[in-house]
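*Asks:* First, the structure itself, so that you have it in front of you.
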Amino acid sequence: MSDAAEQLEYRAAIAQALAEELQRDERVIFYGEDVAAAGGVFKATPGLQERFGEERVFDTPISELAMCGAAFGAAVTGLRPVVEVMFGDFMTLAMDALVNQAAKWWYLSNERTPVPLVIRSAVGAGGSFGAIHSQNPAPWFLSVPGLKIACPAFPADAKSLLKAAIRDENPVLFFEHKRLYSMKGAPHLASSEDEVEALGSARVVRAGRDVSIVAIQRGVHDALAAAEQLAADGIEAEVLDLRCLRPLDLPCVLDSLAKTNRLLVVDEGSALGGWGCSVIGAVAQHGLEHLDDVWLLCSPDSPVPYSPQLERVHLPGGDAIASCVRERVGTGVPTTA
Amino acid sequence: MSDAAEQLEYRAAIAQALAEELQRDERVIFYGEDVAAAGGVFKATPGLQERFGEERVFDTPISELAMCGAAFGAAVTGLRPVVEVMFGDFMTLAMDALVNQAAKWWYLSNERTPVPLVIRSAVGAGGSFGAIHSQNPAPWFLSVPGLKIACPAFPADAKSLLKAAIRDENPVLFFEHKRLYSMKGAPHLASSEDEVEALGSARVVRAGRDVSIVAIQRGVHDALAAAEQLAADGIEAEVLDLRCLRPLDLPCVLDSLAKTNRLLVVDEGSALGGWGCSVIGAVAQHGLEHLDDVWLLCSPDSPVPYSPQLERVHLPGGDAIASCVRERVGTGVPTTA
Amino acid sequence: MRRAEQRSRSGSALKGSIRSAEASGGEPAAVSANGHADVEGSIARLRQMMLIRAFELEIQRLFLRGEVHGTTHLYNGQEAVSVGVCAALREGDYVAATYRSHGAALAMGVPTEALAAELMGRITGVDGGRGGSMNVIDLQRGLVGSFGIVGGSIAAATGAAMSAKRRGGVAVAFFGDGATNQAYIHECLNFAVVRGLPVLFVCENNLYGEFTAMRRVTAGGDIAARAAAYGLPSRKVDGNAIPAVLEAATEAVAHAREREAPAFLECLTYRQLGHSKSDPAKYRPEGELESWLARDPIELEKARLQGELSVSTDRIAELQADVQRELEEAVAAALAAPAAAPDNDMASEYAA
Amino acid sequence: MRRAEQRSRSGSALKGSIRSAEASGGEPAAVSANGHADVEGSIARLRQMMLIRAFELEIQRLFLRGEVHGTTHLYNGQEAVSVGVCAALREGDYVAATYRSHGAALAMGVPTEALAAELMGRITGVDGGRGGSMNVIDLQRGLVGSFGIVGGSIAAATGAAMSAKRRGGVAVAFFGDGATNQAYIHECLNFAVVRGLPVLFVCENNLYGEFTAMRRVTAGGDIAARAAAYGLPSRKVDGNAIPAVLEAATEAVAHAREREAPAFLECLTYRQLGHSKSDPAKYRPEGELESWLARDPIELEKARLQGELSVSTDRIAELQADVQRELEEAVAAALAAPAAAPDNDMASEYAA
Ligand SMILES: Cc1ncc(C[n+]2csc(CCOP(=O)(O)OP(=O)(O)O)c2C)c(N)n1
Ligand SMILES: Cc1ncc(C[n+]2csc(CCOP(=O)(O)OP(=O)(O)O)c2C)c(N)n1
Ligand SMILES: [Mg+2]
Ligand SMILES: [Mg+2]
């Protein structure tokens, strides 16, 4: 890792990716509620309007459906819109444009009309924003063919995956976790500065032999923290950052499992129908022979509570990860392969 | 089974359930687009407006968001609204009211305010209605705590589960498969005419020892047809009708698996993030020891095609079920328990 | 290969898109530059309306013969709207239509054969048989798509106008009276005004949304007035009189193109058939259909051409025969084409 | 038990809901039946506004002290709207509010302590600490809820009006200028008119939606006029003058109740602070804040009471002291209460 001076903040990674792609391609436009003049409520997009002008970077009325529906219309006619839907919870209002239009046109046009658009949205819990400002909308969209879903955990990935999303010919939902905006990290993980990660590849962020922990976004950092604790107990956890949920990099997960034979998925959402449950379902179908044990650490079946005390217990964190691994794997017991 | 004269048509089951509950409870109201004067585009609700008056049964403007949002507001203040959203595909437009309001209020009100509402919707493919009139919206909602999702496969269940849904204190999404409306069957499966099935219990519709086939809606009938074929080959398939997706009757599935050790899930939707994938994920977490084999028969990763030739191949049907079971289980080979 | 064969756009000067830049090479106008009535243009537009009508009647027959599937929403009686509006457009402009879109598709130049083949699920269909009647898409000809979701066309056109604006183009959204009570129209009218987008919102008020009379579900009752409150030019025109539609559309399109701003047009018309193939439309008050049939847009225009513009009866009969020939050839070719088949349909989920 | 203790509604005659049926036992009126000014009612409403203001200032302090979490959207400057409107309501009527809802909650009678405790995540919070500032719900007091989704309050009130209609009640939706560009308002205005629902749509036009000036994103620029196009009574009032708000709301509520039909009220007001706790509101033009502070609704009403209604300075000072006492007691009690804790939070997913 590079020293502090070179560190990239997650929100700056977003801004850089947008700036570079706006610069690179005239067809890219960016809009949303309070993203332009104010630079976004999470301060992830300052200065873009000044730099690229108000025809290409602009503030909109509070009209999520029109914003995303218009993005679809713009995308099929030659622009490459990037839209910010301020909180992931508000994606409910734009769902029709994304599911019934954006995701369908490539197929329905007999593969003649690509739909290059990106919807950026701040997701996830942990800041006492309450039940309607803390959800992860990924499960609502996970089953929809034609969509891609990216969910970077590191600043470098935030940048390279957002650039990849903007260059992608398909509708991409790009989910930024609120508790990551202020995180700093290495400015790139890819081999060259210019490189743009393909959407749909997971990454092993920590190697281990005893258990595979699969996570996204904030959960990756919690898993890494837990892995540190576990290492002290002699348990070597392998931590996988999926980075994208659709397409899902199942081979990467299966490779890890072939080694560890134990799978823990950490999902901030609830159990049934979540992305974590789906990943386990996919693994069971395609890697049952590798599975000695599998479990999901997730939230209880309720909305996210406001009170910080309740929310802390509601969410799976590093300690909970470490303790459930200890319980299932045993302390310092070598794996039976 | 009773003779033809006593058979209940699926669409009549819907009408009867609505009529009986409207009769039973003044607080029940029913509305939707063209449901009242015209009796619904699927002719499932004729005569209700004449019988219960236009204050309780009425046609609405084409306003799915207002319809469902108003149902929420009515439910928390004492009414028991039943709303028809004509096609499940249009649920995208109403998602906010259901996910961010209806599903949240019981918890957020500190369990003081129940939300007794039902959204009925016609779902599923198979009639060349094209990509935007053929989806099953269940996966979009499956992960949302606080919602219930019912999906009856038989006329008797359509009636008893709809009555249960209307009496339920929670928001229930009630999905009727288009290819079932004209199906006839026994008028009740429950023990007494008056009985109303609790939401959340699955049913073994055919006993078998070699493989468990889990399905919903139209898929149950396809699975039953396949089971007949398989029986001729000496394979005894157990067929489970989940009847509800949330809450999910996992114990019923695990009981069956304890016997058969092989699980096939038949899902009309696509693989990743579908309800079928989630059921497999849940089974893997809670019944890994029972699983010798598990697979999903579903649709390819594309929207539903219009052309009847393409659609026929797109959807999993009875033959595909039978042949994949033959392939995985072998012909006439006794199970290894 | 699964892609629909790219069809030639040549052939009869009258065939294909009704857009004036193609039909006559000049500016769109009901009245030509020198102030004289644009007789040839009027004839081309009449022919287009006749073709749409004949197409719909043929589709009805093909449905009964089991060659068209699912459902269809026919356009009989509304032909003057899409033909009149599309005649005001240029190459490079966009149209987004509803599930009742055969008229708009033909007016935008989707070949008759490719449209018929699509509805018959043939591999030669404009979308390879994947879309069907409710999902006809042909961006190459400016048809952003047909939208199965009521209101979907509105946002699509709003977005297409963002693209078109860069190139001096405009986008048109067609939608029904029923769609004016739904989310899309409100957010998009506001968005288009605020963003200065060259989009023409065309409401085809055919008095019904499915089986429900427009006046029963439309608060205020005046769709054009509701639109005007957003501060954009909004007009009501006789949607059965193609000269009126063309004139209003030409004005609105010019406004959109030159001012980079939206306009609204409510076209009063009538759906002569039921909502979809399964609807006998028994809910209509007695005499209503008859009074509208007496104002059939094609008959009105024929009468005008024969009267005001002195076009001969023979010329009109010729047109009808020509249309019938085109249609028969198109349908025969579509019928002869192979059904869309999974072998030819190696769908890839994503565009590369 | 996890349920919030049911609080007594007795106590000071002036405490709790501002609804007239409770405050004075009579009909809501700015002017009493005999034509004389309703001095005691005015004083009760002034007190309510003062309480809301003091509450918000205290919440700001508590936020800085780390006792209130996440974010808050304060109501300073808009007090006359919710107090004036709620004063026109009766027991059994409903209110649905936004995330900027402390004013509406207090005006509907949510106890100050229960509201403070909710914001501090205490077990004694009106929703046990589960909801927080953006999700205050108290159906027992007619508060359908606070809605974190812009526009959500509108549909909720529309639905509540379906219930209320059966019992001669009405429902009020509060929402901002920004919400008028979004789906809910359009569909619900239409729905309420078509269905004849007794709902009062109250737009609090405070000139900004977050950091964006209303005029930059609102096509046509006239919110009340946009509503009027749906064919319902629509008025604009000075939202900083509580007598004006009360008068207009009383008229609109009477219309809704008696005619079983909706009405629209645009209250012109101003958000004196930033959008939420993290917004310094630097985007406001110079002098704007000052000019609105000069029309502060509480100061205006104090002046009116002291002038027109000859209320003494002492009486007003007493009110202020009384409010301060109530608030301090409430906050002290809330602070003393235990934090919501998972032990007490055995959530069951479903209502039985
Ligand atoms: C969002 C949505 N709701 C409902 C429908 C079902 N539906 C199809 S057409 C139609 C009526 C539309 O009426 P209108 O907008 O007047 O258009 P018209 O059919 O008269 O051309 C309805 C309700 C739909 N397709 N989409
Ligand atoms: C659907 C939705 N979009 C965006 C937001 C984020 N947001 C919260 S408040 C707000 C501004 C609302 O402005 P206005 O309606 O004028 O109400 P005010 O805050 O001025 O009271 C926005 C955009 C939201 N909560 N919900
Ligand atoms: Mg219509
Ligand atoms: Mg505002």
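*Asks:* If the label for A:ARG326 sits 7 angstrom from Cα along the Cα-to-Cβ line, what are its distances to the same label in every other copy, in nm to one decimal, shortest first?
*Replies:* Nearest first, the other copies' label points are 5.5 nm away.
*Asks:* Just need the relative contact order of chain D here, percent rounded to a whole number, with Cα pairs under 8 Å and 6+ apart. Walk me through the numbers before you get to the answer.
*Replies:* Details: 705 pairs, mean separation 73.7, N = 352.
Relative contact order, chain D: 21 percent.
*Asks:* Moving on. Starting at the first residue of the stretch C:77-94, write each ³J(HN,Hα) from the Karplus equation 6.51 cos²θ - 1.76 cosθ + 1.60 with θ = phi - 60°, in whole Hz, x for Gly and Pro.
*Replies:* x, 10, 4, 5, 6, 5, 5, x, 5, 5, 5, 8, 9, 10, 3, x, 7, 10
*Asks:* Here's another thing I want to ask about it. Given the peptides B:223-233, D:142-152, arrange them by the average over their residues of other C-beta atoms within 10 Å, most packed first.
*Replies:* Top to bottom by mean Cβ count within 10 Å: D:142-152, B:223-233.
*Asks:* Taking each label point as 7 Å beyond Cα in the direction of the beta carbon, state the distances from A:ASP25 to the same residue in the other copies, shortest first, in nm.
*Replies:* So the distances to the same position in the other copies read 5.3 nm.
*Asks:* May I ask for the distance between the Cα centers of the stretch D:187-222 and the stretch A:125-162, given as a whole number of Å?
*Replies:* Each part reduced to its Cα centre gives a spacing of 31 Å.
*Asks:* Going by amide H atoms built from the backbone, whose H comes under 5 Å of the H on A:ILE29, apart from near neighbours?
*Replies:* Residues meeting the amide H criterion: A:ARG80, A:VAL82.
*Asks:* Okay, moving on. Please list, in chain and number order, the residues 5+ apart from B:MET183 or on another chain whose amide H is under 5 Å from its amide H, with Hs placed from the backbone.
*Replies:* B:TYR10, B:ARG11
*Asks:* Step by step: find N for the stretch A:195-337, compute 2.2 N^0.38 Å, then divide the Cα radius of gyration by it. What's the final number?
*Replies:* Ratio of Rg to 2.2 N^0.38 Å for the stretch A:195-337: 1.00.
*Asks:* Search the structure for amide H atoms under 5 Å from the amide H of B:VAL214, placed 1.01 Å from N in the peptide plane, and list their residues when 5 or more places away or on another chain.
*Replies:* B:LEU240, B:LEU264, B:VAL265, B:VAL266
*Asks:* At 7 Å along the Cα-to-beta-carbon direction for both D:GLN140 and C:LEU293, put a label point, then send me their distance in nm to one decimal.
*Replies:* The two pseudo-label positions are separated by 6.6 nm.
*Asks:* How compact and how long is the stretch A:125-248, expressed as Rg and Dmax of its alpha-carbon atoms in Å?
*Replies:* 15.1, 46
*Asks:* Further question on the same structure: Please report the equivalent ellipsoid semi-axes of the stretch C:248-333, computed as sqrt(5 x eigenvalue) of the Cα gyration tensor, largest first, in whole Å.
*Replies:* Whole-Å semi-axes of the equivalent ellipsoid: 27, 25, 18.
*Asks:* Taking the alpha-carbon centroid of each part, what is the distance from the stretch B:267-332 to the stretch B:20-93 in angstrom?
*Replies:* Each part's Cα centre sits 34 Å from the other's.
*Asks:* Looking at the square roots a ≥ b ≥ c of the eigenvalues of the Cα gyration tensor of the stretch B:116-189, which shape do they give, rounded for a/c under 1.5, prolate if a/b is larger than b/c, or oblate?
*Replies:* oblate
*Asks:* Calculate how large, on average over all directions, the projected area of the Cα convex hull of the protein assembly as shown is; give the answer in nm² to one decimal.
*Replies:* 52.0
*Asks:* Kirkwood hydrodynamic radius for the stretch A:56-120: how many Å is it when counted over pairs of different Cα atoms?
*Replies:* Roughly 11.9 Å, rounded to one decimal.
*Asks:* Say each of C:THR313 and A:ASP293 gets a label point 7 Å from the Cα, pointing the same way as Cα to Cβ; how far apart are those two points in nm?
*Replies:* Inter-label distance under the simple model: 9.4 nm.
*Asks:* Nm distances between the label at B:PRO251 and the same-position labels in the remaining copies, 7 Å along Cα→Cβ, shortest first?
*Replies:* Taking the point 7 Å beyond Cα along Cα→Cβ, the inter-copy spacings are 4.3 nm.
*Asks:* Separate question: Can you spot the lysines whose alpha carbon is less than 27 Å from B:LYS259's alpha carbon? Ignore those fewer than 8 places along the same chain.
*Replies:* Within reach: none.
*Asks:* Under the Karplus relation 6.51 cos²θ - 1.76 cosθ + 1.60, θ = phi - 60°, what is the ordered set of whole-Hz ³J(HN,Hα) values for the stretch D:129-146, x standing for Gly and Pro?
*Replies:* Karplus values, whole Hz, x for Gly and Pro: x, 7, x, x, 4, 8, 9, 7, 10, 7, 4, 4, 9, x, 8, 4, x, 9.
*Asks:* On the principal axes of its Cα set, how long, how wide and how thick is the stretch B:257-301? Give whole Å, largest value first.
*Replies:* Each principal axis gives a Cα extent; for the stretch B:257-301 these are 30, 17, 10 Å.
*Asks:* Tell me the volume per residue, in Å³, of the convex hull enclosing the alpha carbons of the stretch B:37-87. Walk me through the numbers before you get to the answer.
*Replies:* Numbers: hull volume 4.2 nm³, N = 51.
Spelled out: Cα convex hull of the stretch B:37-87, divided by residues, is 83 Å³.
*Asks:* Run the reach check for B:LYS178 against lysines, Cα to Cα strictly under 19 Å, same-chain hits fewer than 8 apart removed. What comes back?
*Replies:* Within the straight-line limit of under 19 Å, B:LYS178 reaches these lysines: B:LYS43, B:LYS159, C:LYS277.
*Asks:* Over the alpha-carbon set of chain A, divide Rg by the Kirkwood Rh and report the Rg/Rh ratio to two decimals.
*Replies:* Rg/Rh for chain A comes to 0.97.
*Asks:* Give me the orientation-averaged projected area of the Cα convex hull of the stretch C:137-293, in nm², one decimal.
*Replies:* Answer in nm², one decimal: 9.5.
*Asks:* Next question, about the same structure. At a temperature of 4 °C and a viscosity of 1.567 mPa s, determine how fast the stretch B:1-83 diffuses translationally according to Stokes-Einstein, using the Kirkwood radius over alpha-carbon pairs as Rh; express D in µm²/s, rounded to the nearest whole number.
*Replies:* 97
*Asks:* With θ set to phi - 60° and the Karplus curve 6.51 cos²θ - 1.76 cosθ + 1.60, what are the ³J(HN,Hα) couplings of the stretch A:297-308 in order, to the nearest whole Hz, using x for Gly and Pro?
*Replies:* 9, 8, 8, x, 6, 8, x, 6, x, 6, 4, x
*Asks:* May I pose another question? Quick one: plug the Kirkwood hydrodynamic radius of chain C (C-alpha pairs) into Stokes-Einstein at 4 °C, 1.567 mPa s, and report D in µm²/s.
*Replies:* Roughly 64 µm²/s, to the nearest whole number.
Read-outs: derived from the displayed coordinates by stated rules, not from any lab. Everything numeric in this text was worked out from a predicted model, so none of it was measured. Quick reminder, even Gly has a Cβ in these numbers, built from the backbone with ideal geometry, and neighbours come from all protein chains shown.
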